[in-house]
Amino acid sequence: MTTEIDRQWTTRLRRRAEGKLPPEKLLPDTQPSYVSSWIYVFGVTTLAALMVVIATGCVLAIFGPQWWHTSSFGHFVNSLHLWSVEIFFFAMVIHLWGKFFMASWRGGRTLTWMTGVVTFLTSIATAFTGYASQSNFDSQWITTQAKDGINSTGAGAIFNVLNLGQMLMWHIVLLPLAAVVLTALHVLMVRVKGVVPPFADEKVEAAR
Amino acid sequence: MSWFNSVGALINLDHPGHFLHWHFIQVSVANALVMTLMVATFVVALLAPFPGRRSRKENR
């Protein structure tokens with residue numbers, strides 16, 4: 001007999017989450033043997049770089065542009081932010097190549113692939129607004145060059161790259177929030193469906 | 001001179017960027033270098049043996 005507690009949305013949601021993602025799947029002890037290849041390390045490298053990007057971005061947000069432009073430690077944290085972004089994109093693109101040639105959307109992993117694609121596009125927008133928010137000659141050059149491109153799409157009316165305040169808000173609030181939420185969804189999808197097997201091991205997975 | 005300055009002095013960056021230009025393709029040397037490194041890393045990741053990995057024959 002279904003009780004009132006069984007019908008609560010919290011109960012239903014918890015049971016669904018437990019069914020889809022039990023703890024041993026969320027944080028597994030072992031991985032299939034085919035994961036022991038260097039091509040599988042670039043996803044987690046991207047994730048590690050993202051953590052450094054967020055941490056250094058928080059420090060830059062606390063002290064502000066004058067600090068990162070004028071003090072030695074500010075320069076250092078600013079450089080850490082830039083170079084962790086470089087590593088983030090470097091690893092993410094190799095991860096993308098690896099997963100593309102593995103056709104990693106196989107085996108019901110369409111949503112995993114799509115969340116990855118949207119995260120990649122969001123990251124590009126985040127990086128662009130970051131370059132626009134540097135508050136130096138580089139950002140002036142980039143934004144004055146970009147405005148014509150953005151205006152030609154018609155988006156310039158609501159997305160003004162010459163508006164430093166708007167670019168900074170997009171860069172430190174909206175886009176990082178979207179990137180982190182999408183990354184979390186992407187990782188959860190990987191945990192739900194498991195790491196995509198090589199073509200040769202596909203039949204083994206299907207038989208499970 | 002600090003350690004950072006000595007390392008920076010090894011590469012003179014006080015000049016306009018170098019560009020490669022071929023027909024309609026134009027790319028800075030710095031970007032071309034990063035792209036080459038990415039392709040090289042991708043190939044190495046596919047071919048380099050992973051520590052502790054057993055071969056398919058051993059797995060059978």
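Data table
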| item | result |
| --- | --- |
| Cβ-based exposure ranking for A:V77, B:V44, A:V196, in which fewest neighbours within 10 Å come first | B:V44, A:V77, A:V196 |
| Hydrodynamic radius of region A:103-194 per Kirkwood, over alpha carbon pairs, in Å | 14.5 Å |
| Spatially near lysine pairs across chain A, Cα under 24 Å, sequence gap of 8 or more or different chains | 9 |
| Environment charge at A:L13 (Cβ cut-off 15 Å; Lys +1, Arg +1, Asp -1, Glu -1) | +4 |
| A:M1 paired with A:V180, simple spin-label distance in nm, labels 7 Å along Cα-to-beta-carbon | 4.7 nm |
| Region A:33-58-region A:161-197 distance, computed between alpha-carbon centres (Å) | 14 Å |
| Choice from A:R109, A:R16, A:R191 with maximal GNM fluctuation in chain A (Cα, 10 Å cutoff) | A:R16 |
| Region A:25-134: Rg to Rh, with Rh as the Kirkwood radius over Cα pairs | 1.07 |
| Point-to-point label distance, A:S79-B:H21, nm (Cα→Cβ direction, 7 Å offset) | 3.2 nm |
| Förster radius 51 Å - calculated FRET efficiency between A:S72 and A:A17, Cβ distance, rounded to 0.05 | 0.60 |
| Sequence-separation-based contact order of region A:94-208, relative, with Cα cut under 8 Å and 6+ spacing, percent | 36 percent |
| Using θ = phi - 60° and Karplus 6.51 cos²θ - 1.76 cosθ + 1.60, couplings along region A:78-94 (whole Hz; Gly, Pro as x) | 4, 5, 4, 4, 4, 6, 5, 5, 4, 5, 4, 6, 3, 5, 5, 5, 5 |
| Where the Cα pairs of chain A fall when distances are cut into 10 Å bins, in % | 7, 27, 27, 21, 14, 4, 0 |
| From phi via Karplus (6.51, -1.76, 1.60), per-residue ³J(HN,Hα) for region A:67-74 in Hz, x at Gly/Pro | 5, 6, 8, 10, 9, 4, 5, x |
| Karplus 3J(HN,Hα) series, Hz, for region A:178-187 with 6.51 cos²θ - 1.76 cosθ + 1.60 (x for Gly, Pro) | 4, 5, 5, 4, 5, 4, 4, 4, 4, 5 |
| Most mobile listed residue (A:A48, A:A179, A:A132) in chain A, GNM with C-alpha springs under 10 Å | A:A48 |
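Only the coordinates and a few stated rules stand behind these numbers; no lab work does. From a predicted model like this one, the values you see are computed outputs, not experimental measurements. For neighbour counting, all protein chains shown are included, and Cβ atoms are generated from backbone atoms with ideal geometry for every residue, glycine included.
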